[in-house]
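Chemist: If you scroll down you'll find the structure; I have some questions about it.
The values are calculated or read from the model by the stated rules, or taken from the named source; none is laboratory data. Everything quoted here is computed from the prediction, not taken from an experiment. Don't worry about glycine lacking a Cβ; one is built from the backbone with ideal geometry, like all the others, and counts go over all protein chains shown.
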Amino acid sequence: MSGIVGHLGGPAQGPRGEATNEAPWVRFLLIAVALAFLGLVLVLPLAVVFGSAFAKGLGPFFEALSDSYTFSAIKLTLLVAAVAVPTNLVFGLGAAWLLAKYKFWGRSVLITLIDLPFSVSPVISGLIFVLLFGAHGWFGPALAAQDIKVIFAVPGIVLATCFITFPIVAREVLAVMEAQGSDEEEAALTLGASGWQILTRITLPNIKWGVLYGVILCNARAMGEFGAVSVVSGHIRGETNTMPLHVEILYNEYNFVGAFAVSSLLALLALFTLLLKKGLELLSQRAPKSEPLPTPVETIVAETPVTQVITS
């Protein structure tokens, strides 16, 4: 009996133990398949983009980038990102705070609505804004009477980009807030800290890596958005074309060097985003090792008068 118990309860042996350890050729095969897949879907397309951009030399490459229409597309892309990212940062912080710190009826519905742009096609999202603000939309005639143009103008592009990207910051920050809980905020509140102190001394320092990560991803998506912006922009060259739309126009005109030159800028943006994301991950992993630093709650206690701590 003891032999049976020892066999069942002891360490894994025999075929079961060997099954958890892959053979060297299995590991080699899995690594080879992964590298082949990455080379096919990532390295090869990037090589084609940069190779086609410099196919005729540096002169045509920089000439394509210095074109007035290309310059207008770059400026519009930066403008849209400069508006959409801070807007979604404020919304994401507020939404994450509400969902992480409070339990209320309809919370799951609100989370579903925040995730809606992830599940709806960007083209459909752009069409929604056309139906709302277009010439024959719900608000189109009233806006036209006030000489306010949304569709086929910069405001429509900004609205569509904000809609597509607004879940990114909220989702990143919400995950961090839920993982950290609210113990420190509650402790600071009992010690007499104000709401602003709790926000600036505890909440924001605790979620700073999630905020930065969300902002980086939001910025990358805002600059690379195509579907929704394509519907609401009208493709007015030099006025409502962002960089992805300008790439499409140049490619359709068989200006391959110009199309791939602008595409190379977007590819460099993607690579820079990945490097920045990886750098933030490394910093976030090393940050807790910097000792000794007072926790946010200890900082508030140190800055709070003794009489206030005692009375509270």
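Chemist: Could you go through the stretch 39-54 and let me know if any residue there is more than 27 Å from Y254 (Cβ to Cβ), out of contact with any strand residue (DSSP E or B) (no Cβ under 9 Å at 6 or more places or on another chain) and part of a helix (DSSP H, G or I).
Modeler: Among the residues of the stretch 39-54, at least one is more than 27 Å from Y254 (Cβ to Cβ), out of contact with any strand residue (DSSP E or B) (no Cβ under 9 Å at 6 or more places or on another chain) and part of a helix (DSSP H, G or I), which makes the answer yes.
Residue-wise test of (1) farther than 30 Å from D183 by Cα; (2) surrounded by fewer than 16 Cβ atoms within 10 Å (Cβ to Cβ); (3) of a type in the set (K, R).
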| position | (1), (2), (3) |
| --- | --- |
| G59 | yes, yes, no |
| D67 | yes, no, no |
| K75 | yes, yes, yes |
| R107 | no, yes, yes |
| F118 | yes, yes, no |
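Chemist: Then there is this: Looking at the structure I just gave you, is S72 at pLDDT below 90, assigned to a helix (DSSP H, G or I) and under 28 Å from L217 (Cβ atoms)?
Modeler: Answer is no for this residue.
Chemist: Out of everything in the stretch 81-110 that is in a helix (DSSP H, G or I) and of a type in the set (K, R), what residue ends up being modelled with the lowest pLDDT?
Modeler: Looking at residues that are in a helix (DSSP H, G or I) and of a type in the set (K, R), I get K101.
Chemist: When the residues of the stretch 86-108 are narrowed to those that are free of Cβ contacts under 8 Å to residues at least 24 places away in the same chain and under 22 Å from the mean Cα position of the chain (by Cα), which ends up nearest to I216 (Cα to Cα)?
Modeler: Per the stated criteria, the residue is P86.
Chemist: Quick one: would you say T161 is over 26 Å from K101 (Cα atoms), in contact (Cβ under 8 Å) with a residue 24 or more places away in the chain and assigned to a helix (DSSP H, G or I)?
Modeler: Against the criterion (over 26 Å from K101 (Cα atoms), in contact (Cβ under 8 Å) with a residue 24 or more places away in the chain and assigned to a helix (DSSP H, G or I)), T161 qualifies.
Chemist: Identify, from the list V176, V231, the residue that is assigned to a helix (DSSP H, G or I), more than 30 Å from P60 (Cα to Cα) and at pLDDT below 90.
Modeler: V176
Chemist: Would you say A135 is in contact (Cβ under 8 Å) with a residue 12 or more places away in the chain and either buried (at least 19 other Cβ atoms within 10 Å of the Cβ) or under 14 Å from A81 (Cα atoms) (or both)?
Modeler: No.
Chemist: Quick one: which helices (runs of 4 or more DSSP H) lie wholly within the stretch 251-312 and hold at least 2 residues that are within 17 Å of L217 (Cβ to Cβ) and at pLDDT 70 or above?
Modeler: Of the helices (runs of 4 or more DSSP H) lying wholly inside the stretch 251-312, those with at least 2 residues that are within 17 Å of L217 (Cβ to Cβ) and at pLDDT 70 or above span 256-286.
Chemist: So H235 clears everything in (1) at positive phi; (2) under 22 Å from the mean Cα position of the chain (by Cα) except one condition, right? Which one?
Modeler: Just one mismatch for H235, condition (2).
Chemist: Here is a check on your reading of the model: is L113 surrounded by 13 or more Cβ atoms within 10 Å (Cβ to Cβ) and in a helix (DSSP H, G or I)?
Modeler: no
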